[in-house]
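Let me begin by presenting the structure, written as C-alpha cells, before commenting on it.
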C-alpha cells in the first residue's frame, strides 16, 4: 500500500494537459518527443476506470489523506497496475475528458456500482464536500444515471455513514 500512496500523492505535482483520443477506451499522448520516450497508448480497463474515478473524487479537495489512500487500495483490491494506469491517464487528461473515458469504459451495471462506491467514498467522513458533490454530479450525468436510480443507494450510504446516532 505504501507504493500506491506515494504514487497517488504525486498527482498533485502533475499538470493536466489536453489529450488526443485514439479510440473511446485508449488514450494517446502525442508530444513532439514521445517517439523518443517510447510512449504508447494506455488501455483503460473497468478496474483502472474505477481507480481513475476514485482518484478524481478523493483529489477534489486538493488533499489526499492516508485514510483516502487506504480506501483507494481497498477499492482496487490492491491492484497497483489499475492505480498506475489511472495515474497515467490522469497525468495527460483533463477532468472532463477523464470522466468521459471512465463512462465509455464501463457498462451500465459498472456505472451504477461506481457511483455507489464514489458516493460511499465521498461520505466516508460523514459529510459531502462541495467539490466532491460536483464531481459526483458530473459522473452521474456522464453515466446517464437518473436521480431516481441513485436515491435508494444514497439513502443507504447516508445511513451507513451517520455515526452521529452513536453520540
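The values are calculated or read from the model by the stated rules, or taken from the named source; none is laboratory data. Quantities reported herein were computed from a predicted structural model and do not represent experimental measurements. All Cβ positions, glycine included, derive from the backbone under ideal geometry; neighbour counts span all protein chains shown.
Remarks
- Breaking point among (1) surrounded by 16 or more Cβ atoms within 10 Å (Cβ to Cβ); (2) under 13 Å from residue 55 (Cα atoms); (3) at pLDDT below 95, for residue 157: (2)
- Single unsatisfied condition, residue 77 versus (1) over 22 Å from residue 147 (Cβ atoms); (2) touching a residue at least 40 places away in the same chain (Cβ under 8 Å); (3) not in a helix (DSSP H, G or I): (2)
- Taking first residues from segment 58-72 that are at positive phi and at pLDDT 85 or above and partners that are assigned to a helix (DSSP H, G or I) and surrounded by fewer than 17 Cβ atoms within 10 Å (Cβ to Cβ), no Cβ contact under 7 Å between residues at least 6 apart in sequence or on separate chains turns up.
- No other residue among 146, 98 is more than 14 Å from the chain's Cα centre (by Cα) and either exposed (fewer than 15 other Cβ atoms within 10 Å of the Cβ) or in contact (Cβ under 8 Å) with a residue 24 or more places away in the chain (or both) apart from 146.
- Looking across segment 117-133 at every residue that is assigned to a helix (DSSP H, G or I) and touching a residue at least 24 places away in the same chain (Cβ under 8 Å), the one that is surrounded by the most Cβ atoms within 10 Å (Cβ to Cβ) is identified as 119.
- Number of the condition not met by residue 60 [criteria: (1) part of a helix (DSSP H, G or I); (2) under 18 Å from residue 139 (Cα atoms); (3) within 11 Å of the chain's Cα centre (by Cα)]: (1)
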